[in-house]
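To start, the structure under review is shown below, and the notes come after it.
Read the figures in this text as sums done on the coordinates, not as results from a lab. This one's a predicted model, so the numbers in the text were calculated from it and none came from an experiment. Here the Cβ positions follow ideal geometry from the backbone for every residue, glycine too, while neighbour counts run over all protein chains shown.
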Amino acid sequence: MLKTAEAVSLGHPDKTADYISSYILDRAIEQDSSVKYAVEVMIKDNTVIFGGEIKGNVNLSNLHNLTLKALAEIGYSEDYAKIWGEYALQPSKIKTINLIGLQSSEINQGVEQNGWGDQGVFVGYACQGVGLINRELYLARRLNSALYQKALKTKNLGLDIKTQITIDERGNIKTAVVAIPMLVQENLEAFIIEVLGQNPKSLIVNGTGQYTYHSSIADCGITGRKLACDFYSTACPVGGGSPWTKDASKADLTLNLYARKLALENLKDNDECFVYLSSCIGRAELPSATFKTIKNGIVQETELSFNKKPSEVIAELELNKPVFAELCRNGLLTNL
C-alpha cells in the first residue's frame, strides 16, 4: 500500500496565519500568564484580520506592530519584499483589522473552576521509526524544513513551500513533490536527494512549471486549515481543532500534546500506539481515555486511568509560558 504525507512551511499563508496568532498569544501570556485567548487570523494580500475573544489583563493596542514582528520572524521582512516585490506580501503595506472581543463569562466560569475550556476529542499517535512518527510524514517534514532553511539564506527561493512524499510498502520513496517559489529556475534535484537520503523514483518540482506569486498574494491564509500537516497526516485521525489559536485551557493544543505523550509512553515494543481522549467544557474529568496498540497485526485496547486536572496537565507541559510560537514553528511532535 502506498502512503503519502504533506508538509508546509511557515511561509505558507495558512501557517503564516497560525504563527501570527501564536506569536500574539505569547505576548499576551507575557503580560498575564492566566490569559484566556481564542483568536483566529485571516491574511489576504496585505491585510490581516483578527477575530476572536480574549480575557485577561493584557494590552494589545500595538497589534499592528506585533503582526509585523511575527511576519519578520517567518522571514517576510522588508528585505524580502525588496527582492520579491509584487510576488509576495509587503510589510510596509500591511493593514490590520481588529475584531477581537471579550471571552464569554459563561465559558470562563467553568474554566475558573479548573475545568476544560471546551469539549472535544483528541488523538495521539506513535509508531516505530525515526522520530517515532510515520516515515512518509517524517520525510515530508525533513525535506520541507531543509528547503525553508535554504530559502532563508538565498535571494532566489521563496518561503511559501510545500513538500509531499509517497512511499511504498518497503519504505522507499516512490514520489516526491515540491512546490517552492523561484525568481529564476534552479535545479534542486541534488539537494533534495541528499536531504531524503535516496533518489525518488519520481521527483516533481513546481508541477505548474512556474511558481513566483506566493504568500498571501497568491492564496488567502486562514488559521487551522493545515491540521493534517500539523498532526499525523493519514496515519491517524485528526483530533480536536486548530492547536495554534487558543490558550492551553481550550484543550485543542493541550490534550493533543498529552495524547502524543501518552502514545510515546505506551508504544514500548509495539508497532503502533493510538491514544484517544475526550473533554467536557467546564469539567476536569475526561469522558473517555483509552489507548490502542498494534503489534504484528494484533490489536489490543485498554482504558487509561486519567485523573489530572487541566491546571496540572498545563503545568506539566509548561503551557503557561510563552512557548506557542515555538511550538507552531517546530510542530507538535518535536517537543516531547
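Which value at 222 nm does the chain reach when only helices count, each DSSP H run of 4 or more adding -39,500 (n - 2.57), with the total divided by all residues and rounded to the nearest 500 deg cm²/dmol? Display every interim value, and only then the final one.
Details: 10 runs with 104 residues, N = 336.
Mean residue ellipticity, 222 nm, calculated: -9000 deg cm²/dmol.
Can you give the local net charge around Arg225? Use residues other than it whose beta-carbon is closer than 15 angstrom to its beta-carbon, Lys and Arg +1, Asp and Glu -1.
Computed value for this residue: -4.
If packing is taken as the average number of other Cβ atoms within 10 Å across a peptide's residues, how do 59-70, 91-102, 30-41, 241-252 rank, most packed first? All intermediate terms of the calculation are to be shown ahead of the outcome.
Values: 59-70: 15.4, 91-102: 12.8, 30-41: 19.4, 241-252: 26.4.
For the peptides 59-70, 91-102, 30-41, 241-252, the packing ranking is 241-252, 30-41, 59-70, 91-102.
Please tell me the relative contact order of region 162-245 in percent, rounded to the nearest whole number, where contacts are Cα pairs under 8 Å and at least six residues apart. Kindly include the intermediate steps, with their values, before the conclusion.
Working: 83 pairs, mean separation 19.9, N = 84.
Dividing the mean separation by the residue count of region 162-245 yields 24 percent.
With N set to the residue count of the chain, report its C-alpha Rg divided by 2.2 N^0.38 Å to two decimal places. If you can, show how the numbers build up before the last one.
Working: Rg = 20.6 Å, N = 336, 2.2 N^0.38 = 20.1 Å.
For the chain, the normalised Cα radius of gyration comes out at 1.03.
For the cross-link pairs Lys250/Lys292; Lys15/Lys93; Lys15/Lys162, which exceed 18 Å when the distance is taken from alpha carbon to alpha carbon? Write out the running numbers ahead of the final one.
Working: Lys250/Lys292 25 Å; Lys15/Lys93 20 Å; Lys15/Lys162 11 Å.
In this structure, Lys250/Lys292; Lys15/Lys93 lie more than 18 Å apart at Cα.
Report the one residue of Leu304, Asn144, Asn266 whose Cα lies farthest in the direction of the positive end of the charge dipole of the chain (charges on C-beta: Lys and Arg +1, Asp and Glu -1; origin at the Cα centre).
Asn144
Enter the Cα centre distance for the pair region 144-200 and region 119-135, rounded to the nearest angstrom.
Measuring centre to centre over Cα atoms gives 24 Å.
Are there trypsin sites (Lys or Arg not before Pro) in region 178-238 that DSSP marks as loop and that have at most 14 other Cβ atoms within 10 Å, and which are they? Mind showing how you got there, number by number?
Details: sites: Lys201, Arg225, Lys226; in loops: Lys201, Arg225, Lys226.
Counting only loop positions with at most 14 other Cβ atoms within 10 Å, the trypsin sites (Lys or Arg not before Pro) in region 178-238 are Lys201.
Rounded to the nearest 20 Debye, what is the dipole magnitude of the chain about its Cα centre when Lys and Arg each give +1 and Asp and Glu each give -1 at the C-beta? Don't jump to the answer; show the numbers that get you there.
Working: 34 positive and 38 negative charges, 95 e Å.
Dipole magnitude for the chain comes out near 460 debye.
Give the peptides 211-217, 149-155 in descending order of average Cβ contacts within 10 Å, highest first.
Numbers: 211-217: 20.9, 149-155: 13.3.
Ranking the peptides 211-217, 149-155 by packing returns 211-217, 149-155.
Can you find, among Leu253, Thr47, Thr293, the residue farthest towards the positive end of the dipole of the chain? Put +1 on the C-beta of Lys and Arg, -1 on that of Asp and Glu.
Thr47
Once you keep just the Cα pairs under 8 angstrom separated by 6 or more residues, what percentage relative contact order results for region 14-105?
On the way: 129 pairs, mean separation 30.9, N = 92.
Computed over region 14-105, the figure is 34 percent.
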